[in-house]
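Accompanying notes for the structure given below.
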Amino acid sequence: MHNNDKNDRQQKNKFVQILFLTLGTIFVAVGIIGIFIPVLPTTPFLLLAAVLYAKSSKKFYMWLLNNRICGKFIKDYKEGKGIPLKIKIMTIILLWTAIGSSIVFAINILWVKILLVLVAIGVTLHIIRIRPIKDRSIKNN
């Protein structure tokens with residue numbers, strides 16, 4: 001019985017690790033696409049990928065932090081250097097568009113709508129508090 005519990009936990013941990021690695025890789029890809037597409041924010045996706053990699057693979061986490069292109073976005077944020085103003089604005093617009101659409105078209109429960117608005121307000125305030133930096137292009141990295 002004890003061995004079965006241990007095996008179940010190991011399988012669950014392995015599944016979570018693979019899930020985090022997969023999601024992290026997807027968010028890295030979206031973040032890289034965001035470098036080239038102005039309406040898609042880069043930094044939030046790379047930060048999310050960094051968190052997922054940190055929880056699943058030190059190797060992938062270190063690769064991302066030390067990556068010539070992606071690493072600078074994450075290091076600037078972690079060091080409190082800020083994120084580009086354009087990214088801040090686009091992130092807030094996309095946040096409110098997604099939450100607003102969910103509230104209007106997908107959610108029928110009042111307390112969930114209120115919760116979504118509160119989350120959006122909290123995230124917006126956090127993003128506003130981040131110091132803006134000069135926008136950088138991929139050529140400057």
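In segment 81-117, which residues are more than 25 Å from Ile130 (Cα to Cα) and not in a helix (DSSP H, G or I)?
Ile107, Asn108, Ile109
Mind checking which residues of segment 29-46 are at pLDDT 85 or above and within 9 Å of the chain's Cα centre (by Cα)?
Residues satisfying the conditions are Gly31, Leu46.
Consider Ile74 against the criteria (1) over 20 Å from Arg131 (Cβ atoms); (2) free of Cβ contacts under 8 Å to residues at least 40 places away in the same chain; (3) in contact with a Leu (Cβ under 6 Å, 6 or more places away or on another chain): it satisfies all of them except one. Which criterion is unmet?
(1)
Tell me which of these Phe60 doesn't satisfy, since it passes every other one: (1) surrounded by 12 or more Cβ atoms within 10 Å (Cβ to Cβ); (2) more than 16 Å from the chain's Cα centre (by Cα); (3) under 30 Å from Gln11 (Cα atoms); (4) of a type outside the set (Gly, Ala, Ser).
Here Phe60 meets the rest and fails (2).
Yes/no matrix, rows are residues, columns are (1) touching a residue at least 12 places away in the same chain (Cβ under 8 Å); (2) touching an Asp or Glu at 6+ places or on another chain (Cβ under 6 Å); (3) more than 25 Å from Leu21 (Cβ to Cβ):
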site	(1), (2), (3)
Lys59	no, no, no
Asn67	no, no, no
Leu85	yes, no, yes
Val112	no, no, yes
Val117	yes, no, yes
Gly122	no, no, yes
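Identify, from the list Lys12, Lys86, Lys72, the residue that is surrounded by 16 or more Cβ atoms within 10 Å (Cβ to Cβ) and either farther than 27 Å from Ile121 by Cα or over 14 Å from the mean Cα position of the chain (by Cα) (or both).
From the options Lys12, Lys86, Lys72, the qualifying one is Lys72.
Which count do you get for residues in segment 101-141 that are over 21 Å from Leu48 (Cβ atoms) and either at pLDDT below 85 or not aromatic (Phe, Trp, Tyr) (or both)?
Count: 15.
Here is a check on your reading of the model: is Asp76 out of contact with any helix residue (DSSP H, G or I) (no Cβ under 7 Å at 6 or more places or on another chain), of a type outside the set (Val, Ile, Thr) and modelled with pLDDT under 85?
Spelling it out, Asp76 is indeed out of contact with any helix residue (DSSP H, G or I) (no Cβ under 7 Å at 6 or more places or on another chain), of a type outside the set (Val, Ile, Thr) and modelled with pLDDT under 85.
The values are calculated or read from the model by the stated rules, or taken from the named source; none is laboratory data. For clarity, every value in this text was computed on a predicted model and none was experimentally measured. Neighbour counts run over all protein chains shown; Cβ positions are idealised from the backbone, glycine included.
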